[in-house]
1. Against the condition in a strand (DSSP E or B) and either at positive phi or assigned by TED's automatic domain parsing to the domain that holds Phe43 (or both), how does Asn142 come out, does it pass?
2. Does segment 80-121 hold any residues that are part of a strand (DSSP E or B) and closer than 19 Å to Leu34 by Cβ, and which are they?
3. Take the residues in segment 46-62 that are outside any strand (DSSP E or B) and more than 20 Å from the chain's Cα centre (by Cα), then tell me which one is modelled with the highest pLDDT.
4. Examine segment 93-101 for a residue that is of a type in the set (Val, Ile, Thr) and either crowded, with 18+ Cβ neighbours inside 10 Å or not assigned by TED's automatic domain parsing to the domain that holds Thr164 (or both), and state whether such a residue exists.
5. Phe126 - would you say it is touching a Phe, Trp or Tyr at 6+ places or on another chain (Cβ under 7 Å) and either more than 17 Å from Ile62 (Cα to Cα) or acidic (Asp, Glu) (or both)?
6. Scan segment 129-136 and tell me whether some residue there is in contact (Cβ under 8 Å) with a residue 40 or more places away in the chain, assigned to a loop (DSSP other than H, G, I, E, B), in the same structural domain as Gly61 (by TED's automatic domain parsing) and not polar (S, T, N, Q).
7. Quickly run through segment 63-89 and pick out the residues that are under 25 Å from the mean Cα position of the chain (by Cα) and aliphatic (A, V, I, L, M).
8. Taking only pairs six or more apart or across chains, which ones have beta-carbon atoms under 7 Å, a first residue in segment 161-178 that is in contact (Cβ under 8 Å) with a residue 60 or more places away in the chain and in the same structural domain as Gln129 (by TED's automatic domain parsing), and a second residue that is small (Gly, Ala, Ser) and part of a loop (DSSP other than H, G, I, E, B)?
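The values are calculated or read from the model by the stated rules, or taken from the named source; none is laboratory data. Because the structure is predicted, anything quoted here is derived from the model rather than measured. Positions of Cβ are generated from backbone atoms using ideal geometry, with glycine treated the same way; all protein chains shown enter the neighbour counts.
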Amino acid sequence: MLHPLSTKMKKILLLFLALSLCFTSVANAEESYLGKVQMEGEFISSDVIKLTIKIADLSEGIIGGAFNLLYPSDDLLFLRYDPGTFLEQGGDPLYLVKNTDGKIFAGITLRRNDSFPDGEGVLLTFYFQLNSGDNFDFTFDNGVLSTLKEVRQDLEKISWESLTMKRGDGDKVVYSSNAGGGYQASILSFGSGTSLKFLLLVLSTLSGLLLIVFLKKRDDKRAGSSVNFK
């Protein structure tokens, strides 16, 4: 027969529930992104794709960024790139773009004495020629945005979104998303504060449950060994 929880055990249970809710709310708050790197795809002719790389919702100014853009080289031929307007708000940025088989490396940086833009804008635009295929996947790899605070620092919690285009999309603009493989820089790494707090939440919950079981067994033992005088 189960005995009802004592008042002390009820207080302990409520305390651990409150701590769990506190940790969960902090973790959820910290999982918001500092910014996003998005793609917009468009068929500007029957055989040319225009792929625009955009910065969105960036809450901290950056000196530059770098990334690999992966694309289906069997189906697409890289033609050229155009500089964007986002980093130009801060000065005269330097661009390095190198294409290898199925991968474009892009690096853009301002100088130390320039101003560092935030907010939103176009970072780069790429153009591809269609050779074959019907579905075209574009994904980021090893993406990083950097700020400058005495020394150069890479920003965590930046969302790098993937994009899939279909030949049947016609002339409409297709937008990227995190669904199906978006790259989330650092937000899930064990070096981040969110993962540390999640680990503390798990440990706190487990230790609380063990303590409750221990106290329950002790109360049951006391109840079983007590003498009821009438």
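1. So Asn142 fits the description; yes.
2. Ile108, Thr109, Gly119, Glu120, Gly121
3. Only one residue tops the list, namely Asp47.
4. Scanning segment 93-101 turns up no residue that is of a type in the set (Val, Ile, Thr) and either crowded, with 18+ Cβ neighbours inside 10 Å or not assigned by TED's automatic domain parsing to the domain that holds Thr164 (or both).
5. Answer is yes for this residue.
6. Yes: segment 129-136 contains one or more residues that are in contact (Cβ under 8 Å) with a residue 40 or more places away in the chain, assigned to a loop (DSSP other than H, G, I, E, B), in the same structural domain as Gly61 (by TED's automatic domain parsing) and not polar (S, T, N, Q).
7. Ile63, Ala66, Leu69, Leu70, Leu87 - these are the residues of segment 63-89 that are under 25 Å from the mean Cα position of the chain (by Cα) and aliphatic (A, V, I, L, M).
8. Note: pairs meeting the criteria are Glu161/Ser176; Glu161/Gly182; Ser162/Ser176; Ser162/Gly180; Ser162/Gly181; Ser162/Gly182; Leu163/Ser176.
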